[in-house]
1. If ILE631 passes every condition in (1) assigned to a loop (DSSP other than H, G, I, E, B); (2) among the β-branched types (Val, Ile, Thr); (3) surrounded by 15 or more Cβ atoms within 10 Å (Cβ to Cβ) but one, which one does it miss?
2. Can you tell which of LYS197, LYS169, LYS236 is over 29 Å from ILE13 (Cα atoms), without any contact (Cβ under 8 Å) to a residue 24 or more places away in the chain and basic (Lys, Arg)?
3. Tell me, please, whether a residue that is assigned to a strand (DSSP E or B), closer than 30 Å to VAL584 by Cα and at pLDDT 85 or above can be found in segment 664-686.
4. Can you find even one residue in segment 372-381 that is open to solvent by 50 Å² or more (accessible area, probe 1.4 Å) and free of Cβ contacts under 8 Å to residues at least 12 places away in the same chain?
5. Output yes when any residue across segment 306-323 is more than 30 Å from ARG26 (Cβ to Cβ), open to solvent by less than 70 Å² (accessible area, probe 1.4 Å), at pLDDT below 85 and in contact with an Asp or Glu (Cβ under 8 Å, 6 or more places away or on another chain), and no when none is.
6. For segment 386-412, name all the residues that are within 19 Å of MET312 (Cα to Cα), free of Cβ contacts under 8 Å to residues at least 60 places away in the same chain and not acidic (Asp, Glu).
7. Output the residues belonging to segment 574-592 that are within 12 Å of GLY560 (Cα to Cα), in a loop (DSSP other than H, G, I, E, B) and under 19 Å from the mean Cα position of the chain (by Cα).
8. Looking at LEU165, LEU207, LEU139, which one is closer than 27 Å to LEU25 by Cβ and either of a type outside the set (Asp, Glu) or surrounded by fewer than 19 Cβ atoms within 10 Å (Cβ to Cβ) (or both)?
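The values are calculated or read from the model by the stated rules, or taken from the named source; none is laboratory data. Treat the numbers as computed from the prediction; the structure is a model and nothing was measured. Virtual Cβ from ideal backbone geometry, glycine too; neighbours counted across all protein chains shown. Protein only, heavy atoms only, side chains kept; ligands, DNA and RNA dropped before computing areas. Shrake-Rupley method; radii C 1.70, N 1.55, O 1.52, S 1.80 Å.
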Amino acid sequence: MNELFLKIINMSISASWLILAVLILRLVLKKAPKWVNVLLWGIVAVRLICPLSFESALSLIPSSETIPLDIEMAAKPTIDSGVPAINSVVNPVLSSFAPPQHVLTSANPLQIWIPILNIIWLIGVGALLLYTAVSHWRLCRKVDTAVRYKGNIFQSENVSSPFVLGIIKPRIYLPFNMNGQDLEHVVAHEQAHIRRKDHWWKPLGFLLLTIHWFNPLMWLAYVLLCRDIEFSCDEKVIKELGNEQRADYTQALVVCSVNRRMIAACPLAFGEVGVKDRVKSVMNYKKPAFWIIILAVIACVIVAVCFLTNPMGFQFDEATHTIVSANHFDMRNADDAVAIEMNPAQISELSSRLAGVKNTKKSDEYGGFTPGYQISALLEDGTYIRINGYSLSDNDMVDIEWNEERYVVSDEEFQDYLSRICAGGDVSSADNAVAGKTYLYEGEGFMGNFTITLYNDGTFTYYEGMASSYIGIGSWEQNGDSIILTDDGHGGYGIVNHFRCDGNDLVFVEQDSNNFVYVKVKDGERFHSTGEAFKPNDTTAAVTKWFDYLETPDEMKWDGSLEINLTEFPDVTFRWSYGEMLAVKGSKSTSLYTGMPIWNAYFCDLSGGGLPELCSTISWGSGMIDNRVIIYDYANGASYELSDRGNFDFTLRFNEADGYLYVDKRKYNTDELVQSGRLVFKDDCLQVEGFSSNVDEPAKYYLTIGAEGVKSIELTMPNSSGGCENADGSLFKKGERIWLENLDGYTDLRGLTITALGENGEIIWTASIPNEDENQGFTHLVNDDWEITNIE
């Protein structure tokens, strides 16, 4: 069953390329007859129905099998979409599912996930089939009292708009209240549906949608199919009508229009799809020129040939083709490479690899290129197979030459095999890979762990410790056992450091190295490989940037949206539009917060609860518009805000130098920076550390009341205490802003304990700020709807 599920996914992916082509052609062929669009959707249906396809050199399908049917059993799960950019994003994620090589009994997690996804797919199919059955039954019940008008035409008082129902013996159902002129046009339209067998094609389209319900493009294709079917029938009816009759026809469309929001397999309703556009189409109809029809038919034929066929692939049969001898050379690390003969065991592996190579396509893409490394094999029939690698920096440019044909290879496992053999290795290079690992310095870092991370894309980062203000960023390269790290030069540092590989360690080589900024590593000292992903320092939560239009305001998508999925919330999609942030879970959307607009969004576990919060800058207000910072804790449904309406604007930014989120405080509606500090979460409230502005006058502090029912406020500071309440004894109102006179003269809020009491002395809210040096300069406290801030 899992294999069937994966086959259907592959068929859906292949059809998606065809759907994209049809979407483009629909725009190009606007002046063509409308039946051409329906014909194009018919080609899509053929691609979805036929499990087999011919191979063709003209095929534009990038890959006929994007997901290998044995992916759940693969030691290194990968896909081959035929598009390198997609592969480079997806495959590292899939490879992370592979169990560690030293854990021999671990199962590939895909063996668990694929059956689960299979069950989810079956549930979706069953739900749509049940929905269709119930809808059809209800519709049949609705028209069971209909009376025959004539022939296959029936009228019913329960029908609000004309439609065709039935597959074997289709019937036309009309409402009783139609006048003669409208009835004539409606019947002509519905009879055209029946003659064109649309009562077959629409249910077939819905059946294919039911099978491929997980593909968003299939939903779009089905909606457009229904639309094109109606446009095509309109065209069929009106092409023989005069202008006055067409006006009557459009009047019938308007009279019979209905607002149908649900996608359904049936019925074919006269006025349910795009009535406004159909009216325009009818009134503006012009008979297409003959040459346009010819071009449209040719376009359909080309689409069929290019998208109903699979790309040509390399085929090697071990039983009929015997390799007599083989050799390899590698010029990546030598100007004058020597061909090395392969031993019988290597030749046997080569034969097996050629028979099992996947995702190849006949192409001269690398024709004329000079191979940097190659395997050349002589077959028993006297022909040669040459496997060529062209890239000197990675393994992704590979093709096979045989019988005067070339085949581009996008099978990553085969690419790695070629590179390994040509480099003289008999074990997978992954066994000794340094990429994708973090290395921990055996000595002392600069007040914390000193780590180096080498990424698979050839870049690195290093952090010398929590006290370091410099983050090393650059590129690394490997030459045998030698590793070279070259900083990108930011901060004025041009640092190059050398290491050698020793087992799972990186050993520092002092010769020709510049060493680091704060920590001076000695020759021979080691950085040990570790599976732990160290953070920039011991107290910083990792920050994930989603978007930031404060950096590029001209790129703001005012009419678009963005979506992101996090592994921490596997069943949730976060969706941004300029005015609202949503959490989408299944069919349910929950509004998290709004803005006018929402300028940026970062994810960071500020609270230390293990799950990240959403951190954003928003503009808010009507007439008086201010900028504020909002933090939304999705896991707990809590929100926190930094704002001082009419006095100050607050904006959020990411500081790449130390990996923190910072808040900038400016005078309202100006660019004058007042303070800037690091955003943190302490003592169950949002705080900003490190505000550094010079203030000549003692600060005044104001409290925004965050709840109803507050009678009085009590304050305690290290050297004083006090409180406040309304002179008339009335309760404070939620949102009311009051002056905390007892705090006048204090430069910050260290040591403050504040308590809001109700009428009976009950505690409504309380907060404390420890009297510690680390809170020096702390002048702004936000907790839910409560806020204390100073105005300077």
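1. (1)
2. On the way: LYS197 fails: over 29 Å from ILE13 (Cα atoms); LYS236 fails: without any contact (Cβ under 8 Å) to a residue 24 or more places away in the chain.
Result: LYS169 is the single residue among LYS197, LYS169, LYS236 that is over 29 Å from ILE13 (Cα atoms), without any contact (Cβ under 8 Å) to a residue 24 or more places away in the chain and basic (Lys, Arg).
3. Quick first cut of segment 664-686, residues assigned to a strand (DSSP E or B) only: 664-667, 673-682, 685-686.
Checking the rest, the ones that are also closer than 30 Å to VAL584 by Cα come to 679-682, 685-686.
Cutting the leftovers down to at pLDDT 85 or above gives us none.
No, because not a single residue in segment 664-686 is assigned to a strand (DSSP E or B), closer than 30 Å to VAL584 by Cα and at pLDDT 85 or above.
4. As a first pass, look at segment 372-381 and keep what is open to solvent by 50 Å² or more (accessible area, probe 1.4 Å): 380-381.
Next cut, free of Cβ contacts under 8 Å to residues at least 12 places away in the same chain only: none.
Checked segment 372-381: no residue is open to solvent by 50 Å² or more (accessible area, probe 1.4 Å) and free of Cβ contacts under 8 Å to residues at least 12 places away in the same chain.
5. The answer is yes; a qualifying residue exists.
6. Answer for segment 386-412, where residues must be within 19 Å of MET312 (Cα to Cα), free of Cβ contacts under 8 Å to residues at least 60 places away in the same chain and not acidic (Asp, Glu): ARG386, ILE387, ASN388, MET397, VAL398, ASN403, ARG406, VAL408.
7. Our first condition is that a residue be within 12 Å of GLY560 (Cα to Cα); within segment 574-592, this holds for 575-580.
So of that shortlist, the ones also in a loop (DSSP other than H, G, I, E, B) come out as 578-579.
Once the filter is applied, which keeps residues that are within 12 Å of GLY560 (Cα to Cα), in a loop (DSSP other than H, G, I, E, B) and under 19 Å from the mean Cα position of the chain (by Cα), segment 574-592 yields only TYR578.
8. Working: LEU165 fails: closer than 27 Å to LEU25 by Cβ; LEU139 fails: closer than 27 Å to LEU25 by Cβ.
Within the list LEU165, LEU207, LEU139, the selection yields LEU207.
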